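Step one of this worksheet: look at the structure below.
The values are calculated or read from the model by the stated rules, or taken from the named source; none is laboratory data. Since this is a predicted model, take the numbers as computed values, not measurements. As a convention, Cβ positions derive from the backbone with ideal geometry for all residues, glycine included, and neighbour counts pool all protein chains shown.
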Amino acid sequence: MKRLVLIAAVVIPIIAAAWALPSDAHRGKRGWKGRRAPLAALELSAEQRTKLESLNLERAKKMAQLRADLKVARLDLRAAMRQDNPDPDQVNARVTAVNKARSLILESRVSHRLKVNGVLTPEQRNKLREMRSDRSKRGWGRMWRKGGCRKDMKGMVYPGQERGEEQTSSI
């Protein structure tokens, strides 16, 4: 009985502490602040800063709507595919809707980038281009180029699978 009370006294505070962590605790030390640092390096004027803020707000609103449209289109496609005997024309129409939503998201991204480039001076655009290329040399980009993730993923064992067995696809 004493052992059970001792284990409970140790485990319950650990679970409570983990539960109480903020939802963004997984983001590490930098959090989202690291993403804003490149803008400081560009030395934007007050007018450029306000213009970029309005462009970013406009884009955020538009992207929220486009992502919602994409999610609805995917749900409609999933519902059409779950039928016992799906109508091919209806499924193709749903696939077209999903692709249309994806293309609108891509168009929005490209349009936003062009608008941002229009606000920046040529020197600032070159600096931003350099920072973007440097970003790919750090972190995930470097790990993918070296094959770090792919090697780890090949060695992964899935539940119900022994090492050496090939994972069968469910598609």
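Structural remarks
- Scan of segment 37-66 for residues that are of a type in the set (G, A, S) and closer than 17 Å to L104 by Cα, ordered by number: A60, A64
- Residues in segment 38-60 include none that are more than 18 Å from K115 (Cβ to Cβ) and polar (S, T, N, Q).
- Lone unmet requirement of (1) touching a residue at least 40 places away in the same chain (Cβ under 8 Å); (2) under 17 Å from L39 (Cβ atoms) for N117: (1)
- Selection of segment 110-141 for residues being farther than 11 Å from L52 by Cβ, at pLDDT 85 or above and not in a helix (DSSP H, G or I) yields only T121.
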